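The values are calculated or read from the model by the stated rules, or taken from the named source; none is laboratory data. Here the structure is a predicted model, which is why all the values come from computation and not from measurement. Neighbour counts are summed over all protein chains in view; Cβ atoms, including those assigned to glycine, are modelled from backbone coordinates with ideal geometry. Side chains are part of the model used for accessible areas, which takes the heavy atoms of the whole protein and leaves out ligands, DNA and RNA. Shrake-Rupley method; radii C 1.70, N 1.55, O 1.52, S 1.80 Å.
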Amino acid sequence: MNLRQPTQTTPAEMGEDIARIIPGKDPELHVSNTAPPVKRIPVHEEDDSPRIIPVCEPTLGGNEKKYVTECLDSNWISSAGRFITEFENAFAQACDAQYGVACANGTVALHLALAAMDIGPGDEVIIPAFTMIATINAVAYTGATPVLVDSEPRTWNMDINQVADKITPKTKAIIPVHTYGHPVDMAPLMELAEKHGLWALEDAAEAHGAEYRGARAGGLGHAAAFSFYANKNITTGEGGMITTNNEKLAALCRNLRDHAFSPERHFWHKYLGFNYRMTNLQAAVGLAQTERLDELVAARRRNAALYNQLLADIPGIVTPPEAKDVKNVYWMYSVMVADEFAMTRDELRRFLAQEGIETRTFFIPMHFQPIYYQQFKGQRFPVAEDLCRRGFYYPSASSLTAREIRYIVTATQRAYMR
Ligand SMILES: Cc1ncc(COP(=O)(O)O)c(C=O)c1O
């Protein structure tokens, strides 16, 4: 799996039926004269010039500046400093987990956790076909073999029955991905993991603050990996964290994160370590963001409730799932465009782009990725494929206003009436 391997496959080369599923380029965004003015960024307080509504943006404005200034004033800008530990403790606590290990980003958090679980060549790791590329790449970095399962149509998350069917003597781990902020049905998954002696690593990159049966994502599996990329519910710009209740695993992750320096003597390395450290500057932002986690999650849930209510009147827009026993945090407010809608998903996105509304298509499943296409050739995952063909997300930032949501839904209504 490297740059020398041919990865020239185009959608057309994959076959006509597959090419029909894979979305094309994003439509060009136009500024709009009618979109609501920016109110949330102080600089633009009175700005009512034409604008666009971005699909996502961070919400800063708490203690971020104060804490970052403290790093600069004190010279603690690298990967030591008080904010690393304080952020790790505060975020782990917010996830109902005992330990937090801050990392450079969510992808390396996944890789680091898998490395600490001693996953390597000859092992199999079960993941959903419908996920972001980092999930499968992290498995590939270890040399283990990713095994794909389809999503269930009800929650868009990995189908646990299919996980059971894919377990072999080589299986070492399962990575349940809490898709778009909706937690996986973890009880049966953990039962399977315990029964077969497998690691369960939550890919919680999109699920800060999400809950399953009253418990937070991040403490539901043996370990979890979070991302703090700028579009996440809370952000450090770039960043990630492993949370776990396993003290030994946390200590190993901490050591491997830092070149596997040996406690016996300096520059002495017994394991293959990495430099996956986070800086104190990022952690300063992370701590300030964690202080507002509940508030920012509540804003996303409030926005989702308003979208749900307003979109209910438009036939053919399928609103996002929320199972009975979970709290979905709606990282992205995600919908499916059904056949009864007046336009296809791509036509609707083009229409919204003309109105200054940025949207994003759902993930392209892993078996269709050029880099993995040969590996999974012939395997099909109909639910993941349907999600890819019909799904997109609306603007979803915590800072989105009710006025903006009304503007977006009215534009969708106009698309339907055309
Ligand atoms: C499901 C999932 N896993 C992993 C990642 C990787 O996180 P990062 O971008 O911080 O490396 C993402 C990023 O968006 C993601 O959505």
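Brief remarks follow.
- Measuring r between the beta carbons of residue 403 and residue 10 and using R0 = 56 Å, the FRET efficiency lands at 0.85.
- Rg/Rg_ref, the chain, where Rg_ref = 2.2 N^0.38 Å and atoms are Cα: 0.99
- Nearest-0.05 FRET efficiency for residue 347 and residue 165, computed from C-beta distance (R0 41 Å): 0.65
- Net length available on complete extension from residue 264 to residue 354 is 26.2 nm, with 0.36 nm assigned per residue and the Cα-Cα distance removed.
- By average C-beta atoms within 10 angstrom, highest first, the peptides 144-153, 162-171: 144-153, 162-171
- Carbon/sulfur fraction of accessible area - the chain, other protein chains in place, 1.4 Å, %: 52 percent
- Two-site label geometry, residue 215 and residue 30: point separation in nm, points 7 Å out along Cα→Cβ: 5.2 nm
- Looking at the chain, the DSSP beta bridges with both ends there are about 60 percent antiparallel.
- Paramagnetic reach from residue 187 in region 314-350 [backbone N under 15 Å; point 7 Å along Cα→Cβ]: 323-327
- Sparsely packed trypsin sites (Lys or Arg not before Pro) within region 274-365, loop by DSSP, other Cβ within 10 Å at most 15: 324
- Note on residue 313 and residue 339: with the Förster distance fixed at 30 Å, the Cβ-Cβ geometry gives a FRET efficiency of about 0.95.
- Average accessible area per residue (Å²) across region 64-291 - probe 1.4 Å, nucleic acids and ligands excluded: 39 Å²
- Sorting 388, 56 by accessible area puts them as 56, 388; the probe is 1.4 Å, largest comes first, and only protein heavy atoms count.
- Taking the average, over residues, of other Cβ atoms within 10 Å as the packing measure, peptides 90-97, 405-412 rank 90-97, 405-412 from highest down.
- Selection of trypsin sites (Lys or Arg not before Pro), region 202-255, meeting DSSP coil and at most 14 other Cβ within 10 Å: 213
- In nm, spacing of pseudo-spin labels at residue 93 and residue 322 (7 Å Cα→C-beta vector): 2.7 nm
- Shape category assigned to region 64-291 from the gyration tensor of Cα positions, a/c cut at 1.5: oblate
- Amide H within-cut-off set for residue 210, under 5 Å, with H built and near neighbours excluded: 217
- The GluC sites (Glu not before Pro) of region 279-386 that meet both conditions, a loop assignment by DSSP and at most 12 other Cβ atoms within 10 Å of the site Cβ, are 340.
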